[in-house]
Ligand SMILES: [Zn+2]
């Protein structure tokens, strides 16, 4: 929406959802909304005469938006409420919304009327919205006979229930280890140790929630402590999720067969950029071959470092290095050889400055202002609300829910609160993350550097949602984009968190007022490539697990064995007491599509090329083109076309291949052994470090 000449945005458009409702009221309102939508849809389909876009597509799009609101509200409550009964009601709302949308796609009368629309003279994005909806309906089974359709409805309902159960178990099943000696925490930062004092009987409890568990895995000097924590972390949803997963895979197999696809993977990938399981397998093999030798070099380097501490060591254990996205010896090398102590960096990363720095960056890049909306209702006192304003007019609302609490979604993700649609509703989006220690006031909290990168990542999704939420049709929203492209904007946005010039803007210790030493930030940058091949090698392994479980009936019967087999082939042994498949949250939401991260990263590396060619990550012209061609259109055009419009050509693999195999920069042999060899040009913009380290989905695909 442009400022000049535009109609004033009605207040209604930023109307919040009714947060804070208890279970019964949520259920009542959910039922009413679904009943209203059902009646409205029937009335639309009863309209006599030849269907037209204003009389058919417009109301259907609006009905879908309203029902998605119900589902978004439910998902938000399910993910964030402290009360178990209310969370259950939230989950029911989400399931009711999904069930309505499945049924709508199986509606033969709607299918017939959409097919009868006269598309002569219709603009391209409207035509694309209709094509997508018709394709979705065919994929749902609208052309199948009545008994098959009935079975498909049941299957989809069961699949939705199992997916939610899988995610809920991961969120709610928190395990802990008990330590008895304060020295068990040797190596951890002081603020972490003081936040985990022994209780009256001398016990120290450390849970598998991220703020507890991740620093311990990275810094604890005692390998048995790391081993115990990683073991609990990777079996936190076991055995509960083992059966949920096999049931989910079985339902998906049947669904695919009912629809006439050989496998669920063939069904799931068909309407994505890659198109087929064969193309996906070829991609995974290409990247596996690319990274095989560099990942071996990583391992040799980590093992060599381990031998300096344990001369008899013959191998790396999973809790030693970056197998699972946390790495003890990686951090040792980072500290000793690159002079980067992430614990020291933490002092310079106060949450309020990082957040405000992020907002400043969005102003500079995209002309967006984030204005604190203190009066706006939220669902918890720790949640911050912001009105997002461009050219003086609101374009949406952003919520930041960053503090863990019991029962809350335990990972980091971007949630749709309300879908935006031109003239009706502005988009509202929430980051549900767990970066902040609940015992520390937010204004005093410090962030781990890894959390800063994740914060930027999720913010990339949030910007995408806010900028794209102004289209005419719900079917052209961000949620309807090819799902294997969905991570490209967020992976790209991580680069700003890794850029020393950007970091320097907000990396300031609020206690001393001193900025992070530029040398430290330069060294951080220099160390970025450390372990990168291993991280992406692991991503390929995870993608192969996700694909095989959905593309091979035998594999789907034995998820644990499949994951062990695949990981063994990637030289990543899984000890018998680990059950990572049960907390691999993407298997629910992304099914066969975990390769999305890899594919999106390949595209994201090339999206950086224009910035790199300009020598600046904040080049205003490139940023504006990026917002205009990639973020704002949502799914008005196929993703490959968005990329082509931005780059002026098709994207290429080379940028990713160079980056993923680029060895860490050489260091000089100065006295301390910690200096980075200065380069004439300085660090090139757009060189990042890590693959997403976690196994849980951070965008919920649409039902
Ligand atoms: Zn993401």
Its Cα gyration tensor gives the chain an equivalent ellipsoid whose semi-axes in whole Å, largest first, are 40, 29, 26
Distance in nm between residue 15 and residue 103 label points, each 7 Å along Cα→Cβ, equals 2.3
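At 0.36 nm per residue, and after removing the present C-alpha to C-alpha distance, how many nm does the segment from residue 124 to residue 616 gain when stretched out fully?
Values: separation 492, 0.36 × 492 = 177.12 nm, distance 3.45 nm.
Using 0.36 nm per residue and subtracting the Cα-Cα distance, I get 173.7 nm.
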Semi-axes a, b, c in Å (a largest) for segment 91-222, each sqrt of 5 times a Cα gyration tensor eigenvalue, come to 55, 19, 10
For the pair residue 29 and residue 628, the simple spin-label estimate (label points 7 Å beyond Cα toward Cβ) gives in nm 4.0
Whole-Å distance linking the alpha carbon centroid of segment 387-427 with that of segment 205-267 is 28
Between residue 154 and residue 112, the two model label points (7 Å from Cα along the beta-carbon direction) sit apart by a distance in nm of 2.6
In nanometres, the difference between 0.36 nm per residue of separation and the alpha-carbon distance of residue 315 and residue 565 is 88.1 nm
The value for segment 460-591 (convex hull of the alpha-carbon atoms, volume per residue, Å³) is 173
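When the Kirkwood radius is taken over all Cα pairs of segment 238-375, what Stokes-Einstein diffusion coefficient follows at 37 °C and 0.692 mPa s, in µm²/s? Display every interim value, and only then the final one.
Numbers: Rh = 20.7 Å.
Diffusion coefficient, whole number: 158 µm²/s.
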Note on segment 554-601: alpha-carbon gyration tensor, axes a ≥ b ≥ c; rule is a/c under 1.5 for rounded, else prolate if a/b larger than b/c, else oblate; result prolate
Segment 75-170: relative contact order from alpha carbon pairs under 8 Å, six or more residues apart, as a whole percent, is 29
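Calculate, for residue 363 and residue 440, the FRET efficiency according to 1/(1 + (r/R0)^6) with r their C-beta to C-beta distance and R0 25 Å; round to the nearest 0.05. Intermediate values should be presented prior to the final figure.
Details: r = 28 Å, r/R0 = 1.11.
For R0 = 25 Å, the calculated efficiency reads 0.35.
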Protection proxy (average C-beta count within 10 Å per residue), highest first, orders 298-311, 571-584 as 571-584, 298-311
Per the helix-only model, the chain has a calculated mean residue ellipticity at 222 nm (DSSP H runs of ≥4, -39500 (n - 2.57) each, divided over all residues, rounded to the nearest 500) of -16500 deg cm²/dmol
Per the 1/(1 + (r/R0)^6) rule, R0 = 35 Å and r from the Cβ atoms of residue 654 and residue 424, FRET efficiency to 0.05 is 0.25
Of all DSSP beta bridges having both residues in the chain, the percent classed as antiparallel (nearest 5) is 80
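Each reported figure results from applying straightforward, stated rules to the coordinates on display, with no laboratory input. Given the structure is predicted, the values throughout are model-derived calculations rather than measurements. Cβ: placed from backbone, ideal geometry, glycine included. Neighbour counts: every protein chain shown.
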